[in-house]
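Only one structure is covered here, and it is reproduced in the block below.
The values are calculated or read from the model by the stated rules, or taken from the named source; none is laboratory data. Worth saying up front: this structure is predicted, and the values here are computed from it rather than measured. A quick note on method: Cβ atoms are made from the backbone with ideal geometry, for glycine too, and the neighbour counts reach across all protein chains shown.
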Amino acid sequence: MLLENYNRAPLTVVAGEGCELIDDTGRRYLDLVGGIAVCALGHAHPAIADAVAAQARTLVHVSNLYGHEPAGTLANELSYRSGFERVFFCNSGTEANEAAIKLARKFAYRTGNKQRNVILSCTGGFHGRTMGALAATANTAYHDGFAPLPAGFRTTPFNDVAALQDAIDENVAAFIVEPVQGESGVFCASPEFLKAARELCSQRGALLIFDEVQCGMGRVGPLFAFQAYGVTPDVVTLAKALANGLPIGAMLVREQFAAGLKPGDHGSTFGGSPVPCAAALAHLRVRDETHLEHHVAAISGELFRGLNDLAMRYPHIYGEPRGMGLLVGLPVLPPHDAADIVNDLREHASILVNKAGNNTIRLVPPLILTASQVERMLDAFSMAAESRAATAPLAAGYPSAH
């Protein structure tokens with residue numbers, strides 16, 4: 001039996017197709033969770049399946065003692081598309097952030113700044129569940145029972161430029177920040193905050209790390225979130241959508257900081273294995289062929305217009321939506337509970353969404369979401385609001401897949 005460390009919904013998934021999941025009874029659900037921002041091209045995309053199958057017939061695994069073509073090609077692609085010269089592969093976003101933390105500290109050590117060992121992060125941020133990444137996550141609910149956490153971590157308020165000016169001192173090795181915070185309920189960094197972070201880190205000798213594990217890979221429009229802000233960090237961490245469902249993480253590093261990690265400093269048995277790299281390459285090809293960035297911009301506009309209309313029509317139930325692209329948070333106002341709406345949409349509308357942060361519904365659907373699917377989702381949210389406004393049980397007639 002599986003360890004009971006997940007609060008799973010009463011749903012057993014057996015298959016997926018595009019933006020839909022299918023359970024063991026044959027019921028189809030519109031999936032607006034997407035594996036939590038993972039399945040950018042939807043489920044069972046033929047290009048991903050074909051790439052995985054072809055690579056599995058050729059080479060599944062080889063130690064990082066040797067090179068192999070899929071990892072080399074993917075590293076070149078990511079470098080070309082990002083402008084970052086060096087790439088490290090691992091298996092997850094948490095591991096990518098661990099690598100970034102180690103790089104920052106080792107770079108300071110190697111350049112004669114041994115006192116520079118503090119990793120600064122933001123309130124509301126989420127960087128992973130291993131001990132180092134957890135220490136950089138400023139949410140005590142995730143810390144409970146795991147003390148003592150590693151030392152050398154501090155936090156500063158999100159989007160507070162004045163506080164950041166005080167926080168980045170001679171002891172800070174790196175400042176790690178999500179351009180859009182997903183787990184805390186979808187909050188966007190202000191352009192002024194990220195610009196100030198860039199200037200302060202450059203002036204004071206700290207590395208600037210953008211955690212794009214959730215908000216990267218086209219989730220907010222451009223392939224990388226830093227491109228949407230016009231602010232270039234020193235390190236970018238990626239995972240989730242990179243291989244459209246296969247486990248892979250990546251750390252992109254500017255050349256002048258790459259020497260922070262030398263042979264023996266860090267590694268990963270499965271990091272950059274051939275099969276996930278092949279899937280990631282297929283993902284990038286499909287993005288180019290379908291002009292996915294333009295589609296995300298268009299469908300995001302429709303989604304935000306609809307959600308803003310919902311917030312105006314039901315001001316006692318929904319707040320103003322937050323986010324960028326297809327990383328969206330819809331606040332639910334007390335006394336209503338976002339978790340109840342999540343359950344209602346699953347049971348009565350065959351729509352999957354999830355709760356994040358403080359009473360917020362998070363929408364991170366596949367980036368191939370269509371206008372008709374957006375309309376169906378908005379109708380379901382509207383009917384959920386009507387049922388609550390009437391203080392009556394949910395009525396029949398929710399829009400459904402069948």
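Residues in region 44-86 that are over 20 Å from Gly245 (Cα atoms) and hydrophobic (A, V, I, L, M, F, W, C) were compared, and the one that is modelled with the highest pLDDT is Phe84. Is it the case that some residue within region 76-97 is under 30 Å from Ala356 (Cβ atoms), touching a Cys at 6+ places or on another chain (Cβ under 7 Å) and buried (at least 16 other Cβ atoms within 10 Å of the Cβ)? Looking for residues that are under 30 Å from Ala356 (Cβ atoms), touching a Cys at 6+ places or on another chain (Cβ under 7 Å) and buried (at least 16 other Cβ atoms within 10 Å of the Cβ), one finds at least one in region 76-97, hence yes.
Among the residues of region 186-204, are any buried (at least 24 other Cβ atoms within 10 Å of the Cβ), touching a strand residue (DSSP E or B) at 6+ places or on another chain (Cβ under 7 Å) and farther than 30 Å from Tyr66 by Cβ? Looking through region 186-204, at least one residue is buried (at least 24 other Cβ atoms within 10 Å of the Cβ), touching a strand residue (DSSP E or B) at 6+ places or on another chain (Cβ under 7 Å) and farther than 30 Å from Tyr66 by Cβ.
Based on what the data block shows, is Val52 touching a helix residue (DSSP H, G or I) at 6+ places or on another chain (Cβ under 6 Å) and outside the structural domain of Gly249 (by TED's automatic domain parsing)?
Details: touching a helix residue (DSSP H, G or I) at 6+ places or on another chain (Cβ under 6 Å): yes; outside the structural domain of Gly249 (by TED's automatic domain parsing): no.
Answer is no for this residue.
In the set (1) in contact with a Gly (Cβ under 9 Å, 6 or more places away or on another chain); (2) more than 30 Å from Val180 (Cβ to Cβ), Gly16 fails one condition alone, (2). The residue pairs whose first member lies in region 92-115 and is closer than 11 Å to His127 by Cα and in contact (Cβ under 8 Å) with a residue 60 or more places away in the chain, whose second member is assigned to a helix (DSSP H, G or I) and among the hydrophobic types (A, V, I, L, M, F, W, C), and whose beta carbons are closer than 7 Å, counting only pairs six or more residues apart or on different chains, are Thr94/Ala133; Asn97/Ala133. Apart from one condition, Glu386 fits all of (1) at pLDDT below 95; (2) buried (at least 17 other Cβ atoms within 10 Å of the Cβ); the exception is (2).
Filtered by the rule that a residue be surrounded by fewer than 21 Cβ atoms within 10 Å (Cβ to Cβ) and either of a type in the set (Phe, Trp, Tyr) or within 12 Å of Leu367 (Cα to Cα) (or both), region 39-70 gives a lone residue, Tyr66.
Per-residue answers, yes or no, for (1) in the same structural domain as Phe224 (by TED's automatic domain parsing); (2) among the hydrophobic types (A, V, I, L, M, F, W, C); (3) within 22 Å of Arg254 (Cβ to Cβ):
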position: His61; (1), (2), (3): yes, no, no
position: Tyr66; (1), (2), (3): yes, no, no
position: Leu74; (1), (2), (3): yes, yes, yes
position: Glu77; (1), (2), (3): yes, no, yes
position: Phe89; (1), (2), (3): yes, yes, yes
position: Ile101; (1), (2), (3): yes, yes, yes
position: Tyr109; (1), (2), (3): yes, no, yes
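Taking the listed residues Phe187, Phe158, Phe153, the one that is under 18 Å from Ile101 (Cβ atoms) and of a type in the set (Phe, Trp, Tyr) is Phe153, with no other qualifying. Across region 135-148, the number of residues qualifying as buried (at least 20 other Cβ atoms within 10 Å of the Cβ) and of a type in the set (A, V, I, L, M) comes to 3.
Does region 256-265 contain any residue that is surrounded by fewer than 23 Cβ atoms within 10 Å (Cβ to Cβ), in contact with a helix residue (DSSP H, G or I) (Cβ under 9 Å, 6 or more places away or on another chain), among the charged types (D, E, K, R) and not in a helix (DSSP H, G or I)? Scanning region 256-265, I find at least one residue that is surrounded by fewer than 23 Cβ atoms within 10 Å (Cβ to Cβ), in contact with a helix residue (DSSP H, G or I) (Cβ under 9 Å, 6 or more places away or on another chain), among the charged types (D, E, K, R) and not in a helix (DSSP H, G or I), so the answer is yes.
Can you find a residue in region 14-22 that is loosely packed, with under 12 Cβ neighbours inside 10 Å, farther than 18 Å from Lys240 by Cβ and modelled with pLDDT of 95 or more?
Let us first name the residues in region 14-22 that are loosely packed, with under 12 Cβ neighbours inside 10 Å, namely 14.
From what is left, the residues that are farther than 18 Å from Lys240 by Cβ are 14.
Okay, now just the ones that are also modelled with pLDDT of 95 or more, so 14.
Scanning region 14-22 turns up at least one residue that is loosely packed, with under 12 Cβ neighbours inside 10 Å, farther than 18 Å from Lys240 by Cβ and modelled with pLDDT of 95 or more.
Could you name every one of the strands (runs of 3 or more DSSP E) located completely within region 1-49 that has at least 1 residues being β-branched (Val, Ile, Thr) and free of Cβ contacts under 8 Å to residues at least 12 places away in the same chain?
Values: elements: 13-17, 20-23, 28-31.
Once the strands (runs of 3 or more DSSP E) in region 1-49 are filtered for at least 1 residues that are β-branched (Val, Ile, Thr) and free of Cβ contacts under 8 Å to residues at least 12 places away in the same chain, what remains is 13-17, 20-23.
Of the residues making up region 298-347, just one is free of Cβ contacts under 8 Å to residues at least 40 places away in the same chain and among the aromatic types (Phe, Trp, Tyr), namely Phe304.
Report whether or not Ala174 is touching a helix residue (DSSP H, G or I) at 6+ places or on another chain (Cβ under 6 Å), in contact (Cβ under 8 Å) with a residue 24 or more places away in the chain and not in a helix (DSSP H, G or I). Considered against the rule, which asks whether it is touching a helix residue (DSSP H, G or I) at 6+ places or on another chain (Cβ under 6 Å), in contact (Cβ under 8 Å) with a residue 24 or more places away in the chain and not in a helix (DSSP H, G or I), Ala174 comes out as yes. Of the strands (runs of 3 or more DSSP E) lying entirely inside region 321-394, those containing at least 1 residues that are of a type in the set (A, V, I, L, M, F, W, C) and over 18 Å from Leu30 (Cβ atoms) span 322-324, 354-356. Apart from one condition, Glu183 fits all of (1) under 18 Å from the mean Cα position of the chain (by Cα); (2) part of a helix (DSSP H, G or I); the exception is (2).
Among residues belonging to region 72-89 that are assigned to a helix (DSSP H, G or I) and not hydrophobic (A, V, I, L, M, F, W, C), point out the one that is farthest from Met217 (Cα to Cα). Working first, answer last.
Taking region 72-89 and keeping what is assigned to a helix (DSSP H, G or I), we get 72-82.
After this cut, where a residue has to be not hydrophobic (A, V, I, L, M, F, W, C) as well, the list is 72-73, 76-77, 79-82.
Details: Gly72: 19, Thr73: 17, Asn76: 16, Glu77: 13, Ser79: 13, Tyr80: 14, Arg81: 11, Ser82: 11 Å.
Taking the candidates together, the pick is Gly72.
Given the criteria among the aliphatic types (A, V, I, L, M), touching an Asp or Glu at 6+ places or on another chain (Cβ under 9 Å) and at pLDDT below 95, does Leu394 qualify? Taking the combined requirement at face value, the residue satisfies it.
Identify, please: which residue in region 188-243 is among the charged types (D, E, K, R) and outside any helix (DSSP H, G or I) and is, among those, farthest from Cys277 (Cα to Cα)? Ranking the candidates gives Asp234 first.
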